[in-house]
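*Asks:* Quick one: the structure is below, and I'll ask about it shortly.
The values are calculated or read from the model by the stated rules, or taken from the named source; none is laboratory data. None of these values were measured; they are calculated from a predicted model. Cβ sites come from the backbone with ideal geometry, for glycine too, and all protein chains shown count toward neighbours. What goes into the accessible areas is simple: the full protein's heavy atoms, side chains included, and nothing from ligands, DNA or RNA. Shrake-Rupley method; radii C 1.70, N 1.55, O 1.52, S 1.80 Å.
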Amino acid sequence: MARLPTDNIADILRDECLVLIEGGHTIGSGFFAAPGFVLSNAHVTGAEVGHKVSISWQHHRVTGTVRWASPPPPANARTWPYPDLSVVELDKGAPQHTCALLEQSEPPGSSDLLAIGHSVIYQGVPEANPALVRYGGKTGHPPEQFFVLNGNELPEGMSGGPVLALATGAVCAITKIQRLKNTTMGGRAVPLRALRGIDASLYRCIWRAHDRYHATGSRWLELIDSMRLPLTSGLDHREERQLRGLLAELPSSDDHGGRWRSVAGLLPLDPQTPLIDYRDVAEELGQLYRQNERSLPLAVAYAADLARDGAGAHADALSDWALAVSRRRGQAGATTARLAAAPAAPQIVSLMAELTPTSPQRKRVRLSVWQHLSSGDSVQVYLGPTSLRPESAWRKLKDLLVAELRVAGRSQDAVRIEIFAPVELMDEHVGGWRLWPEHQWTELGRDYPVVLRNVDRRYDGRIEGRWQARWNSLAGAPVGGAVKPIVCEQRTHEAHSGRIEADPQLGALALAASPFESPTRTALEVALAAGVPVVLWQRRACRHCVAPDNAACPGADFVRDIAQQLAQTPLDELPERVRTLRNNALDPDNPVKCGKDLVLLWDDPYRQPPPMKRPASR
């Protein structure tokens, strides 16, 4: 039976990277993280910087010096506190050695990990000992969290040894402690992300040496390539290693937070650990975002920005790398434009909420929420149960919006709220939600542009072309001149269909009253099915309208006034213009009142969160 690539990686880690550490606080393990550097626990090496320890592997035995170690526990503590890390530098004259491939990402939930260290259980002397464990999540509260390892014994001597994530083929943690001696109850490990808490110059030295070492390839990396693992960054493994190697050559900078924001825009949460070097920005971008195939990977955008704003050979190398990756992806034009552009202006960040029907009667929905950037990149911030009553989904969305908008307030980016809903749920007055008890006079739709979108046609490829054509017809001129009025007269679906389908360029409707309180409902249903992307109405009733037979439609003033107010409004500015009109309607000194309870369906076929599999009806 053929061996798995991770079997061979584990052999390299055990035979060539694992070291025995003696002469410190206790006998334990460590491993080569970069040329000349060993990582271990502070409770193994001791916490005294400058202390000498013995390092043994294969047939070699050398001395090393503790360059950094976290402080010891108080006298009454049972274990060493977070992070329980130490860095040992080999003394001069040490032979060359293999270095482990490291990653700072968290393993997938309940995935298999392989802890490797030393044990004296069987031979009475330290020998390499593997322990297959299951990842059980994190302890405590961020950022001071350990990984939980379940399902095997972690005997004394394994502390300080590497923990290999079998799903990725990279070391993700350092074994810290067993839960209970002589049991298979597992223990805890230190995430490699905890290294961001050590001395910053030493951190850069270790990671840059690590990234240079792995930039040109090795047996370890050949085995990872054979695993053909997809990366969320949009790169392949070779491209990612090349980028890390290029970033390792750049001069030090303190503007990593600014670079992060300029590429990613508004993020669901700030990074829980500091961004110390360029590689941290690249790694965080790759972990947080899952780009669709049409969007430029954030790592490529980041490299292009560094190349554009830099100079010399380093900038040229980053530019060449970004163009090579984008050519493979068919995105060379986007990268060329970014290389030539001025620094990016603040982005529009949409909080997109989708309520997808999950039952045949459409009485239950699934709620999903994304943050979507104007660059085309998205990150999902919530995926709810597959079956919620609509009122429960609306309540959950209110809570999510409060949390997400508090984060958005820290950014200069413009924020928009987009609600994908079936027509049956479009009567929810989202724009009128009052989410902040301390400011009860504020409404969501007056603080932020709030737009409706149709969830059904998002999944209906049959009308995609017509939808795009109608949207395109609106893009070249102000919206007001393109708005077609729909009064409250009784008309069949067929009658409205004949009127709308006869004009494939018709892109915007103004309904004289709420489609849920007037005969205009049929017009809305036909418009959605025909791909009409813009519909406006007021939340006013007109149940027994006598127009046009006996009198003028009471909503005729609205459809006339809204067209006039949008006479100079381009399509992409329509959500913000509607927000302004909503506020104008409450200003006693402003005569424009057509924005009162104004609803906007603004459905851009090109601005979508990543496609999802639609939940099956139950």
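*Asks:* Working only within segment 530-559, note down all residues that are over 17 Å from residue 505 (Cβ atoms) and modelled with pLDDT of 95 or more.
*Replies:* Result: 536, 537.
*Asks:* Scan segment 455-496 residue by residue and report those that are in a strand (DSSP E or B) and open to solvent by 10 Å² or more (accessible area, probe 1.4 Å).
*Replies:* 483, 484, 485
*Asks:* If you take the residues of segment 178-204 that are open to solvent by 30 Å² or more (accessible area, probe 1.4 Å) and touching a residue at least 40 places away in the same chain (Cβ under 8 Å), which of them is farthest from residue 141 (Cα to Cα)?
*Replies:* 204
*Asks:* Next question. Can you give me the number of residues within segment 4-24 that are more than 21 Å from residue 167 (Cβ to Cβ) and either in contact with a Phe, Trp or Tyr (Cβ under 9 Å, 6 or more places away or on another chain) or of a type in the set (Phe, Trp, Tyr) (or both)?
*Replies:* Adding up the residues that qualify gives 4.
*Asks:* Given the structure, is residue 36 without any contact (Cβ under 8 Å) to a residue 24 or more places away in the chain and surrounded by fewer than 22 Cβ atoms within 10 Å (Cβ to Cβ)?
*Replies:* Taking the combined requirement at face value, the residue does not satisfy it.
*Asks:* Pick out the one residue from 152, 129 that is in a strand (DSSP E or B) and open to solvent by 20 Å² or more (accessible area, probe 1.4 Å).
*Replies:* 129
*Asks:* Taking residue 301 as meeting all but one of (1) modelled with pLDDT under 85; (2) closer than 24 Å to residue 404 by Cβ, write down the number of the exception.
*Replies:* Every condition holds for residue 301 apart from (1).
*Asks:* Going through segment 213-242 one residue at a time, which ones are under 24 Å from the mean Cα position of the chain (by Cα), of a type in the set (D, E, K, R) and not in a loop (DSSP other than H, G, I, E, B)?
*Replies:* Listed by number, the residues that qualify are 238, 239, 240, 241.
*Asks:* Taking the conditions exactly as written (β-branched (Val, Ile, Thr), touching a residue at least 60 places away in the same chain (Cβ under 8 Å) and within 24 Å of residue 11 (Cα to Cα)), does residue 98 satisfy them or not?
*Replies:* Judged against the criteria, residue 98 is a match.
*Asks:* Looking only at segment 258-267, filter to residues that are open to solvent by 20 Å² or more (accessible area, probe 1.4 Å) and not small (Gly, Ala, Ser); which one of those is modelled with the lowest pLDDT?
*Replies:* 261
*Asks:* Quick one: which of 168, 175 is surrounded by fewer than 22 Cβ atoms within 10 Å (Cβ to Cβ) and either within 29 Å of the chain's Cα centre (by Cα) or assigned to a strand (DSSP E or B) (or both)?
*Replies:* Unique residue meeting the criteria: 168.
*Asks:* Count, please, the residues in segment 132-149 that happen to be open to solvent by 60 Å² or more (accessible area, probe 1.4 Å) and part of a strand (DSSP E or B).
*Replies:* 3
*Asks:* If you take the residues of segment 100-125 that are in a loop (DSSP other than H, G, I, E, B) and touching a Pro at 6+ places or on another chain (Cβ under 8 Å), which of them is surrounded by the fewest Cβ atoms within 10 Å (Cβ to Cβ)?
*Replies:* 121
*Asks:* May I pose another question? Quick one: residue 158 ticks every box in (1) in a loop (DSSP other than H, G, I, E, B); (2) open to solvent by 10 Å² or more (accessible area, probe 1.4 Å); (3) not hydroxyl-bearing (Ser, Thr, Tyr) except a single one, so which number is it?
*Replies:* Unmet for residue 158, out of (1) in a loop (DSSP other than H, G, I, E, B); (2) open to solvent by 10 Å² or more (accessible area, probe 1.4 Å); (3) not hydroxyl-bearing (Ser, Thr, Tyr): (2).
*Asks:* Find the residue count for segment 575-609, including only residues that are of a type outside the set (Val, Ile, Thr), crowded, with 17+ Cβ neighbours inside 10 Å and closer than 25 Å to residue 460 by Cα.
*Replies:* Matching residues across segment 575-609 total 10.
*Asks:* Here's another thing I want to ask about it. Restricting to segment 396-428, and then to whatever is under 27 Å from residue 360 (Cα atoms) and assigned to a loop (DSSP other than H, G, I, E, B), can you tell me which residue is nearest to the chain's Cα centre (by Cα)?
*Replies:* The extreme case among them is 422.
*Asks:* Taking the condition of being part of a strand (DSSP E or B) and free of Cβ contacts under 8 Å to residues at least 40 places away in the same chain, how many residues in segment 500-541 meet it?
*Replies:* 2
*Asks:* Within segment 378-407, track down each residue that is within 18 Å of residue 271 (Cα to Cα) and either open to solvent by less than 20 Å² (accessible area, probe 1.4 Å) or touching a Phe, Trp or Tyr at 6+ places or on another chain (Cβ under 6 Å) (or both).
*Replies:* 378, 379, 380, 405, 407
*Asks:* For residue 48, state whether it is at pLDDT 95 or above, of a type outside the set (Val, Ile, Thr) and open to solvent by 60 Å² or more (accessible area, probe 1.4 Å).
*Replies:* So residue 48 fits the description; yes.
*Asks:* Can I ask one more? Could you look through segment 499-525, keep only residues that are under 14 Å from residue 482 (Cα atoms) and touching a Leu at 6+ places or on another chain (Cβ under 7 Å), and pick out the one that is surrounded by the most Cβ atoms within 10 Å (Cβ to Cβ)?
*Replies:* Result: 511.
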